[in-house]
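Right, one structure below, let's go through it.
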Amino acid sequence: MPELIVALDYTDALDAFTMAGSLRHETRWVKVGLELFTREGPRVVQTLKGMGFKVMVDLKMFDIPNTVRGGVRAACWIGADLITLHLLGGERMIRAAVEEAAERAATGGERPLLFGVTVLTSMEPGDLPGYDGDIAGLAGELADGAAAWGLDGVVCSGFEARAIKSRHPNLLCLTPGIRPAGGGSDDQRRIMTPAKAVAEGSDFLVVGRPVTRADDPAAAARAIVREIAS
Ligand code: C5P
């Protein structure tokens, strides 16, 4: 069954732990991203794992191959279960990450899942400097790279998931920009409801504000999980 990942986009670790605690019975996965990781560092990942969660470390790595290799090594050390990298980093960067994760597994550590970001769900046609082609086409080409270079999956909107899965059935699709029916879109643009994203083939749904800013976050998460399962 597809999984819900709740994005803990907070500056303060205590806020993140309080939210995670209230979602303990609703989801197995949480996401630590730029804001929380930059302020609070690896200890948040370790504490969340101690609470029993699987942790997506969403730093969207994008650098020269050697630096990304080191970043993946460090993310493995702190116990990340899923790591994100930008596919625009290209073949040598992605292969360095894949090799590093494989070495980790070869030495007895747990290998995290590696996901390549295609085109951010906050972007719409015209937002990509110097590119006036269609976003789905670009996301598809980047997903071809992800499959060829050994990644476990891609981060894409629900609008691209079906085409990507039909070309690469073994590639997992992780979809942010999820908005329950009737909710606002915030800064996201290529948005979709949980049920529709699952119908399009998404394996993981990343949801932040619709859960964390709800009056009752546990109830909001429960409703999404119910929608995913139905
Ligand atoms: O609050 P909201 O549901 O829009 O949060 C979505 C989360 O997913 C954010 O933490 C954002 O960083 C992340 N994300 C995204 N688009 C991507 C990759 C990750 O929105 N392509």
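List of remarks:
- Residue list for the stretch 21-57, filter: out of contact with any Pro (no Cβ under 7 Å at 6 or more places or on another chain), within 26 Å of residue 226 (Cβ to Cβ), away from the ligand (no atom under 14 Å from the Cβ) and of a type outside the set (D, E, K, R): 21, 25, 48, 51, 52, 53
- Failed item in (1) surrounded by fewer than 21 Cβ atoms within 10 Å (Cβ to Cβ); (2) away from the ligand (no atom under 15 Å from the Cβ), with residue 112 passing the rest: (1)
- Per-region count, the stretch 49-59, residues surrounded by fewer than 17 Cβ atoms within 10 Å (Cβ to Cβ) and out of contact with any Gly (no Cβ under 8 Å at 6 or more places or on another chain): 2
Conditions (1) surrounded by fewer than 18 Cβ atoms within 10 Å (Cβ to Cβ); (2) within 11 Å of the ligand (Cβ to nearest atom); (3) under 18 Å from the mean Cα position of the chain (by Cα), marked per residue:
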{"residue": "164", "(1), (2), (3)": "no, no, yes"}
{"residue": "175", "(1), (2), (3)": "no, yes, yes"}
{"residue": "181", "(1), (2), (3)": "yes, no, no"}
{"residue": "215", "(1), (2), (3)": "yes, no, no"}
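- Filtered by the rule that a residue be surrounded by 16 or more Cβ atoms within 10 Å (Cβ to Cβ), touching a residue at least 60 places away in the same chain (Cβ under 8 Å) and of a type outside the set (Val, Ile, Thr), the stretch 13-48 gives 19, 23, 26, 29, 31.
- Selection within the stretch 134-149 - touching a Leu at 6+ places or on another chain (Cβ under 8 Å) and more than 12 Å from residue 88 (Cα to Cα): 135, 147
- Of residues in the stretch 185-213 being assigned to a loop (DSSP other than H, G, I, E, B), under 13 Å from residue 161 (Cα atoms) and at pLDDT 95 or above, the one nearest to the ligand (Cβ to nearest atom): 202
- Residue within the stretch 147-157 that is buried (at least 21 other Cβ atoms within 10 Å of the Cβ), under 22 Å from residue 122 (Cβ atoms) and more than 11 Å from the ligand (Cβ to nearest atom) present: yes
- Each residue in the stretch 49-59 was checked for being in contact (Cβ under 8 Å) with a residue 40 or more places away in the chain and part of a helix (DSSP H, G or I), and 0 pass.
- Taken over the stretch 1-12, the criterion of being buried (at least 17 other Cβ atoms within 10 Å of the Cβ), assigned to a loop (DSSP other than H, G, I, E, B) and in contact with a Lys or Arg (Cβ under 9 Å, 6 or more places away or on another chain) is satisfied by 8, 9, 10.
- Exactly one residue out of 96, 101, 106 is away from the ligand (no atom under 16 Å from the Cβ), over 17 Å from residue 38 (Cα atoms) and surrounded by fewer than 18 Cβ atoms within 10 Å (Cβ to Cβ), and it is 106.
The values are calculated or read from the model by the stated rules, or taken from the named source; none is laboratory data. It should be emphasised that the depicted structure is a prediction, and the values quoted were computed from it without experimental measurement. Cβ atoms come from the backbone with ideal geometry, glycine included; neighbour counts cover every protein chain shown.
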